1. Checking the conditions here, which among Arg160, Arg127 is touching a residue at least 60 places away in the same chain (Cβ under 8 Å) and either crowded, with 20+ Cβ neighbours inside 10 Å or not acidic (Asp, Glu) (or both)?
2. Give me a count of the residues in region 132-149 that are open to solvent by less than 50 Å² (accessible area, probe 1.4 Å) and part of a loop (DSSP other than H, G, I, E, B).
3. Can we say Ser246 is polar (S, T, N, Q), open to solvent by 20 Å² or more (accessible area, probe 1.4 Å) and closer than 20 Å to Val13 by Cα?
4. If we keep just the residues of region 225-243 that are of a type outside the set (Gly, Ala, Ser) and over 19 Å from Ser202 (Cβ atoms), which is surrounded by the most Cβ atoms within 10 Å (Cβ to Cβ)?
5. For region 279-319, name all the residues that are in contact with a strand residue (DSSP E or B) (Cβ under 8 Å, 6 or more places away or on another chain) and among the aromatic types (Phe, Trp, Tyr).
6. Just give me the residues in region 96-110 being open to solvent by 40 Å² or more (accessible area, probe 1.4 Å), under 22 Å from the mean Cα position of the chain (by Cα) and within 30 Å of Val13 (Cβ to Cβ), in sequence order.
7. Just need a number here: residues in region 176-191 that are outside any strand (DSSP E or B) and either surrounded by 24 or more Cβ atoms within 10 Å (Cβ to Cβ) or in contact with a strand residue (DSSP E or B) (Cβ under 7 Å, 6 or more places away or on another chain) (or both).
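The values are calculated or read from the model by the stated rules, or taken from the named source; none is laboratory data. Fair warning: this is a prediction, and the values are worked out from it, not measured in the lab. As a convention, Cβ positions derive from the backbone with ideal geometry for all residues, glycine included, and neighbour counts pool all protein chains shown. With ligands, DNA and RNA removed, areas are computed over all heavy atoms of the protein, side chains included. Shrake-Rupley method; radii C 1.70, N 1.55, O 1.52, S 1.80 Å.
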Amino acid sequence: MRTNRIGRSAVEVTELGFGGGPLGGLFAPLDDDTAARTLAAAWDSGIRYFDTSPHYGIGHSERRTGEFLRRLPRRAFTLSTKVGRLLDAQDQAGRRDESFDVPATHRRVWDFSRDGVLRSVEDSLTRMGVDRIDMLYLHDAENHFDAALRDGYPALAELRSQGMVGAIGAGMYHTGMLTQLVQDTDVDVVMLSGRYTLLDHSALDDLLPACAARGVSVLAASIFNSGLLATPRPADGAHFDYAPASPDVLRRAHEIADICEAHGVTLPQAAMAFPLRHPSVAGIVVGMRSPEEVRHNIASFQAEIPDQVWADLLGAGLLDERAPVSQMASRTARSKRST
């Protein structure tokens, strides 16, 4: 699988990365055996970039990711996790976690302070059983942005300067805040959630130009916009950004699917290919919860998308005219940092 280098760092990622949210019981419970088989299927497919977070299943995702990866040669994979939420043990009292389908054994405490960042990293290393983290993100800092910028970022930069992590950045959906971070700091990467997809091109307004100017890499997450783009035809009641899709969004999704089908392409195949056409996008990160889902996503990722698909989508007004969809231009620009 093709790999790209992150910013000016030495960290590399495969263009398809494994998102660890489902390993934490996102939307539905997941047992340890299925999690292990899912990770093994991803590894066998050629995926070598794995992303997780303390938030995902209050530690379950990190534990499961670490149990699988630490048996493998450390230099063979790239691992990222996140800071901003500390996990404090609590009496479960029969409760389930409010965000993930796991027992509520811990509670999350927001903390972007230097001490909080350092404790979070130490806790993550312990849960995963690994000796280092390759990439570290400020996580979901939209409502804590001042603290994340003032205290969290310097702590990440300190860890990078000490060689504890290879690349630093933030994982958020707010393009304006990420743009400020890119312009005001020396981050290597941003993980952008749901704002550069077939249905949402808003990152073209500010973030992607800033990243191109500063040499910052983008990892596109939530590329299916909460599932709307994950099937060949979105069903009535399908979700877009964690809420029921509006009639207008559903109509646009079906119009995109019409053009895709006319060229023998599915909506998920085009959704995976689109972000990677931008030269600042080093990879996409997709959450997976079963070996079958891994194999399905790999098949979609490997599909060839005819250039005429993008031309027709542009001609129909379904893509922003600023979106760089020329395969040759995208690969030429990205090759400057690719392995």
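1. Arg127
2. Number satisfying all stated conditions: 4.
3. Considered against the rule, which asks whether it is polar (S, T, N, Q), open to solvent by 20 Å² or more (accessible area, probe 1.4 Å) and closer than 20 Å to Val13 by Cα, Ser246 comes out as no.
4. Pro234
5. Phe301 - this is the single residue of region 279-319 that is in contact with a strand residue (DSSP E or B) (Cβ under 8 Å, 6 or more places away or on another chain) and among the aromatic types (Phe, Trp, Tyr).
6. Correct list: Ser99, Asp101, Arg108, Trp110.
7. Number satisfying all stated conditions: 5.
Residue-wise test of (1) open to solvent by 20 Å² or more (accessible area, probe 1.4 Å); (2) under 22 Å from Arg160 (Cα atoms).
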residue	(1), (2)
Ala41	no, no
Tyr56	yes, no
Gly84	no, yes
Gly94	yes, no
Arg119	yes, yes
